[in-house]
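The values are calculated or read from the model by the stated rules, or taken from the named source; none is laboratory data. What you see is a predicted model; the values in this text were computed from it and never measured. Reconstructed Cβ throughout: ideal geometry from the backbone, glycine too, with neighbour counts over all protein chains shown. Protein only, heavy atoms only, side chains kept; ligands, DNA and RNA dropped before computing areas. Shrake-Rupley method; radii C 1.70, N 1.55, O 1.52, S 1.80 Å.
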Amino acid sequence: MEKEHIKIAVIAGDGIGPEVLAEGVKVLKKVAELDGTFAFDFTYFPWGCEYYLKTGKMLPDDGIETLSHFDAIYLGAVGYPGVPDHISLRGLLLRIRHDFDEYVNLRPVKLLKGAPCPLAGVRNEDIDMVFVRENSEGEYAGAGSWLYPGTPRETVIQDSVFSRYGCERIMRYAYELARKEHKTLTSISKGNALNYSMVFWDQIFKEMGEQYPDVETHSYLVDAASMFMVKDPKRYQIVVCSNLFGDILTDLGAAISGGMGLAAGANLNPERKYPSMFEPIHGSAPDIAGQGKANPLASIWSASQMLDFFGRKEWGSRVLNVIEEMLVEKRVLTPDMGGRATTREVGDEAVRKLEE
Ligand code: NAD
Ligand code: IPM
Ligand code: MN
């Protein structure tokens, strides 16, 4: 039988991006080697802030076209002091999410055994949710204007865009996931204050629920929802929310389930018309970059999401189990997890465990 070749574009990016991604690549290579029926072909692209400082661009003019021929993108982190964040992030990360219509941002918030949790009296099974974050429009639409710059009347307008098409497709994805996994679905919004966007969101969530009478639903306002994530996280299973709320709540999710060094995310174009992108949800962490302190487990978890997406769920679960075993054993972990190992040692240990 001929081997399936999965073509991955690697954009390691800035700061700790290259450090953590190298370990994820090691894990993916080992998985393919052990399996034998498929291979990952990695192609590296040097795009990011350094590239910008040399060329004035975050990626070349034909960069998106180049990426479109890959099966997936594996990304480290983007953004570094010296290049304004709105230029670097809009120019690369948000550009890829947008241009490849990666409208689902799937972010697990799951407290693995052995992972540090700042909440008292919480069992592992109490924190086990999946965020379905809208990833193509909403507060991130990039629409607005900057009027009378430099004058006393200077005014900025940042528009949110909520289309019926955009809301329906993200909610359909979330309802289908909840149905498939026999889980509850919670929508998080803010209809009491955002009288257009979030009233519309709530209305579509309710309308669409009529097609899913088997799915138990809840609807919370975002302020109370954040409070319950800390006070009573077990009430959440599948969660659907807008782009900005999802961004904020998943960092909170990371905080209650082990920290930024563990939180992973997948940017999916579910129809597979375009490549999907897998990444840790943390940034380039300039405060620890270049010191071998960065935790690569988030990027390894996102590699596990990639394996799931390509129909290799047994391997996806195996990789997640390896992460959990390492957290339980506490032998080879980075400082953020209370350990003394380097980024590379953590990656090597994950590979060693896969070989066992
Ligand atoms: P950050 O996620 O980079 O860092 C926040 C804190 O978490 C820091 O103290 C950092 O040391 C720690 N941290 C993050 N990842 C870690 C890891 N793997 N192991 C151990 N500790 C880790 O967020 P920030 O400081 O707000 O942003 C830094 C830069 O990254 C900015 O330019 C920002 O725009 C960008 N950013 C990029 C992405 C991305 O590329 N996906 C995501 C978030 C922020
Ligand atoms: C994330 C990041 C990005 C976001 C930034 C860097 C634009 O914080 O992936 O969570 O807000 O989506
Ligand atoms: Mn974020």
- Of every hundred units of 1.4 Å-probe accessible area on segment 248-356, the number belonging to carbon and sulfur atoms, as a percent, is 51 percent
- Using a 10 angstrom cutoff on alpha carbons, build the Gaussian network for the chain and name the most mobile of 101, 336, 61. 61
- One finds, for residue 61 and residue 163 with R0 = 22 angstrom and r their Cβ-Cβ distance, a FRET efficiency to the nearest 0.05 of 0.20
- Task: Mind grabbing the accessible area of residue 87 for me, 1.4 Å probe, Å², rounded to tens?
- Result: 60 Å²
- Item | Where Rh is the Kirkwood radius over Cα pairs, Rg/Rh for segment 7-78 | 1.03
- Query: Which trypsin sites (Lys or Arg not before Pro) does segment 110-192 hold that lie in a coil by DSSP with at most 15 other beta carbons within 10 Å?
  - Reply: 113, 123, 153
- Whole-Å semi-axes of the ellipsoid equivalent to segment 1-145 (Cα gyration tensor, √5λ, descending): 28, 25, 16
- Measuring from the lowest to the highest alpha carbon on each principal axis, how far does segment 37-100 reach, largest first, in angstroms? 44, 19, 17
- Message: Run the Debye formula on the Cα coordinates of segment 159-209, all scatterers equal and no solvent, and tell me log10 I(q)/I(0) at q = 0.16, 0.31 1/Å.
- Response: -0.46, -1.24
- Note on the structure: Volume per residue (Å³) of the convex hull spanned by the alpha carbons of segment 89-237 is 167 Å³
- Message: Treating only the Cβ of Lys, Arg, Asp and Glu as charged (+1, +1, -1, -1), what charge dipole size does the chain show about its Cα centre? Round to the nearest 20 debye.
- Response: 420 debye
- Note on the structure: With every protein chain kept in place and a 1.4 Å probe, segment 1-129 has an accessible area per residue in Å² of 45 Å²
- Task: For the chain, just say rounded, prolate or oblate: build the C-alpha gyration tensor, square-root its eigenvalues into a ≥ b ≥ c, call rounded for a/c under 1.5, and beyond that prolate if a/b exceeds b/c, oblate if not.
- Result: rounded
- Item | Qualifying GluC sites (Glu not before Pro) for segment 114-180 [loop in DSSP, other Cβ within 10 Å: at most 14] | 154
- In nm, the gap between the two label points placed 7 Å beyond Cα toward Cβ at residue 155 and residue 5 is 5.7 nm
